[in-house]
Amino acid sequence: MTAYIIRRLLLLPLILFGVTLIIFSFTQILGPEKLLSAYVNPNVFDKLSNEELDKLIEKYGLNEPMWTRYFKWLGGVLRGDLGWSVTAKQPVAQAIKERIPYTIELALYAIIPVIGVGIWLGVAAAVNRDKFLDHFIRIFAIIGWSLPDFVFGLIVLMIFYSALGWFPPGTMSAWAEEIVKSPEFKRFTHILSIDALLNGRLDIFWDALRHLIGPILTISWLWWAYLLRITRSSMLEVLGKEYVRTARAKGVPEKDVIHKHARKNAMIPVVTVAGAMVIGLLAGTVIVEVIFNRIGMGRFTAQAATQLDYAAVLGSVLFYSTVLIIGNLIIDILYAALDPRIRLG
Amino acid sequence: MNTELKRTLRKLFKNPSAILGFSLLTFFIIVAIFAPLISPPINPMFPDENGNPMKLDNPYIMPILSWSSDPVPPSKDHPFGMIAGRDILYGVVWGTRTAFKIGLIVVTASTFFGIIIGSIAGYFGGWVDEVLMRITDVFLSIPFLLAAMVLTTILGSGLDKVMIAMIIFGWMATARLIRANILQVKEEQFVLAAKALGIKNYIIILRHILPNTIFPVLVQATMRLGSLVITAAALSFLGLGAPIGYADWGSMLNYTRNYILGASGQALAYWYTVFYPGIAMVLFVLAWNLVGDALRDVFDPKLK
């Protein structure tokens, strides 16, 4: 086990190095003129003569061989300098730092209903196997599984914003933003709803929640579908095991058989999925952040990509990959710790 | 027909969700094949010298039938309504072809690369395996939507670029699956016998190993198809894939974002702009997911 963790930890920088290499070499398809747009406003290009353009390309070292530029960039990354983002008009590292709390907030709030309700539905379906409730839950799951988040997001906006006016898009209302930006409002955690509570501003807390519900609803159905399928099949497998039969034969009440004997063991595969879900949620907010026009990493990355802001794209991908790699390592360790039958190797 | 296959088929068609999946899929195949009959690729706005409507050079570019870009509610001539001066039914029908094209091309190509990389890694083992699997790890470490998004913009937007990007980042699951299966089959008697007979490596892989490991890969490919179509549509939705006016469900939905607020006083006035392309997409993905599920149940009864 220790040897396995050490091996994975040693591989970690190697894989991150590979990720930077892939993404960086892809940006090189762009050619020096496009890359120049990271430094100079592209609208000025037409007014410049070819010689002036060449001079600029020379100045920023864009015609040097790829390797030289790659290691220059990598050196910057190691010093914490990810370059300048044209879309955010600020350093990439700063832009990411400011947006992460919003994405974490969304993911945090979404995880609670997703995992809670997802597991509950999965257990309910398994216990009532082939009865009406089971069929109903499975249909609910398979529709959610086939429903693209951007389609469902548009429907949520249409119903809950346009028609009912309950949950507006955006991050917070204009009046709330004014207060949040004022010096009296202290940012303790940079997570808006928590800061609002710590500042004793219940109105801002409600405002933040109101803006969160639409995206959470959109995310939830999709992930419920996924989680309850896993829970259901894992639960069914456990319910067919000998020790469950023994417990029933001993006369243990059915409620205790399900909740005490079966569910605990059925949760082992669910933990991995739930863990993968936490990571997936962090990376899976791109579409909802765009639809609901929320501040966050996802929308930032989408904007950076569409505007070829390649310094920001490189930085964001590096961030997401780091989260993904470390997260997966934690899940694998957790999985082995929970189930002694698993041998890591 | 041999009894094994018969039994499998009978089992398949006893399952109601499998029947639903296959029927939906058949329906979409029919729509895709008969698209020119359901929505003829002509533009009645521009008659030629004989007074017949002009034929479209590219049927995937939806003809502009009116200069008003606001949505027009469903009517007898346009049963799904109109948006941006274009018939929504036309877009949904020809979008079926686009969806099949994207799904099948991306799944075939990425599965093909996955099989090649996975078989090489699994069969040869040792450092070849180590290197290939670490490269797989690297590709798996970039979230799929993000990777596809970035590569598409770098290649310069468009549906073809979307497909290339999804193929480049779509082979890893297949590679891992086929490698794991080959590691299992490799030690079987018939492979050892083939080796002892001095048969060349690539023939052993092609003739003896792959046929014994291919079914799980096919099931996986079917199950991936639906989600790949969603990803491609998501990229179109973000404005990176098909341009506005192309018969593609994702780009049609992207355009409707301007109208979700509804008309004044009637919030849901433009429901049809989201509903028809949306429902087409959901049913298409549902069809593949149900079929994939049914195939998995048949080939791997353990995972029920």
Give me log10 I(q)/I(0) at q = 0.14 Å⁻¹ for the stretch B:55-96, Debye formula, one equal scatterer per alpha-carbon, no solvent.
-0.28
Say we join alpha carbon atoms closer than 10 Å with springs in a Gaussian network model of chain A; which of A:Ala208, A:Ala88, A:Ala247 then has the biggest fluctuation?
A:Ala247
Obtain the radius of gyration and the Kirkwood radius of the stretch A:2-88 from its C-alpha atoms and give Rg over Rh.
1.12
How much accessible area is lost when chains A and B come together, counting both sides, with a 1.4 Å probe, in Å² rounded to the nearest 100?
4000
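Of all the accessible heavy-atom surface of chain B, with the other protein chains kept in place and a 1.4 Å probe, what percent is carbon and sulfur?
Working: 9360 of 14250 Å².
With neighbouring chains kept in place, the figure for chain B is 66 percent.
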Does the stretch A:86-210 come out rounded, prolate or oblate, given a ≥ b ≥ c as the square roots of the eigenvalues of its C-alpha gyration tensor, rounded meaning a/c under 1.5 and, failing that, prolate meaning a/b above b/c?
prolate
For the stretch A:115-183: rounded, prolate or oblate by the Cα gyration tensor [a/c cutoff 1.5]:
prolate
Given R₀ = 60 Å, what would the calculated FRET efficiency be for B:Ile42 paired with A:Leu14, taking r from the Cβ atoms and rounding to 0.05?
0.55
Once R0 is set to 56 Å, what does the formula 1/(1 + (r/R0)^6) return for the Cβ-Cβ distance between A:Lys131 and A:Ser182, expressed as a FRET efficiency to the nearest 0.05?
0.50
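Accessible area per residue of chain A at 1.4 Å probe, in Å²?
Values: 17030 Å² over 345 residues.
Each residue of chain A exposes 49 Å² on average to a 1.4 Å probe.
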So how do B:Lys200, B:Lys195 rank on accessible area, 1.4 Å probe, biggest first, that is with the largest at the start?
B:Lys200, B:Lys195
Report the percentage of all Cα-Cα pairs in the stretch A:91-344 whose separation exceeds 25 Å, rounded to a whole percent.
54
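Looking only at trypsin sites (Lys or Arg not before Pro) in DSSP loops with at most 15 other Cβ atoms within 10 Å, what is the longest site-free stretch of chain A?
Between the exposed loop sites, the longest stretch runs A:242-340.
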Virtual spin-label span in nm between B:Ser66 and B:Ile29, 7 Å along Cα→Cβ:
3.7
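Measure off, as a whole percent, the carbon and sulfur share of the 1.4 Å-probe accessible area of the stretch A:2-88, all protein chains present.
Result for the stretch A:2-88: 62 percent of the exposed heavy-atom area is carbon or sulfur.
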With a 1.4 Å probe and all protein chains left in place, how much accessible area per residue does chain B have, in Å²?
47
Rounded, prolate or oblate: which fits the protein assembly as shown when a ≥ b ≥ c are the square roots of the eigenvalues of the alpha-carbon gyration tensor, with rounded for a/c under 1.5 and prolate only if a/b beats b/c?
rounded
Using mean Cβ contacts within 10 Å as the protection proxy, how do B:26-32, A:267-273, B:151-157 order, highest first?
B:151-157, A:267-273, B:26-32
On the full set of protein chains, 1.4 Å probe, figure out the accessible area of B:Phe13 and give it in Å² to the nearest 10.
110
Any residue on another chain or 5+ positions along whose placed amide H is under 5 Å from the amide H of A:Gln90 is listed here as A:Ser85
Among the residues of the stretch B:213-256, which ones have their accessible area go down by 40 Å² or more when all the protein chains sit together, as opposed to their chain alone (1.4 Å probe)?
B:Ile230, B:Phe237, B:Leu238
DSSP H segments from chain A that extend 27 Å or more along their own axis, Cα-based, with Kyte-Doolittle mean of -0.5 or above
A:2-27, A:92-127, A:202-239, A:263-283, A:310-338
Return one number: the angle in degrees, 0 to 90 and rounded to the nearest 10, between the long axis of the Cα atoms of helix B:159-168 and the longest principal axis of the Cα atoms of chain B.
20
Given Cβ point charges of +1 (Lys, Arg) and -1 (Asp, Glu) and nothing else, what value in debye, to the nearest 20, does the dipole of the stretch A:2-88 about its Cα centre take?
560
What's the longest bit of chain B with no exposed GluC sites (Glu not before Pro), using DSSP loop states and at most 11 other Cβ atoms within 10 Å as the test?
B:50-186
Kindly sort A:Thr189, A:Thr20, B:Thr108 by accessible area of their heavy atoms, largest first, with the probe set to 1.4 Å.
B:Thr108, A:Thr189, A:Thr20
Just which residues of the stretch A:280-309 lose 10 Å² or more accessible area with every protein chain there, against their chain alone, with the probe set to 1.4 Å?
A:Ala283, A:Val286, A:Ile287, A:Val290, A:Ile291, A:Thr301, A:Ala302, A:Ala305, A:Thr306, A:Leu308
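Work out the FRET efficiency for B:Ile214 and B:Lys186 from their Cβ-Cβ distance, taking R0 = 25 Å, and round it to the nearest 0.05.
Computed FRET efficiency for B:Ile214 and B:Lys186: 0.95.
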Shape metrics for the stretch B:208-288, restricted to C-alpha atoms - Rg then Dmax, Å:
17.5, 68
Cα-Cα pairs of the stretch A:271-335 separated by more than 19 Å (percent)
38
Provide a whole-number value for the mean count of partner chain Cβ atoms within 10 Å of the Cβ atoms in peptide B:134-140.
5
Most mobile listed residue (B:Pro211, B:Pro243, B:Pro40) in chain B, GNM with C-alpha springs under 10 Å:
B:Pro211
Taking chain B as the reference, fit the longest principal axis to its C-alpha atoms, fit the long axis of helix B:3-12 to the helix C-alpha atoms, and give the angle between the two in degrees, 0 to 90, nearest 10.
40
Long-range amide H partners of B:Arg86 with built H, under 5 Å:
B:Leu65
As a test of reading the structure, rank A:Ser193, A:Ser25 by solvent-accessible area (1.4 Å probe, protein chains only), most first.
A:Ser25, A:Ser193
Can you give me the C-alpha center-to-center distance between the stretch A:257-282 and the stretch B:1-61, rounded to a whole angstrom?
41
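The values are calculated or read from the model by the stated rules, or taken from the named source; none is laboratory data. What you are looking at is a predicted structure, and each value in this text was computed from that prediction instead of being measured. Heads up, the Cβs are rebuilt from the backbone with ideal geometry, glycines too, and the neighbour counts pull from every protein chain shown. The accessibility values were calculated without ligands, DNA or RNA, using every heavy atom of the protein model including side chains. Shrake-Rupley method; radii C 1.70, N 1.55, O 1.52, S 1.80 Å.
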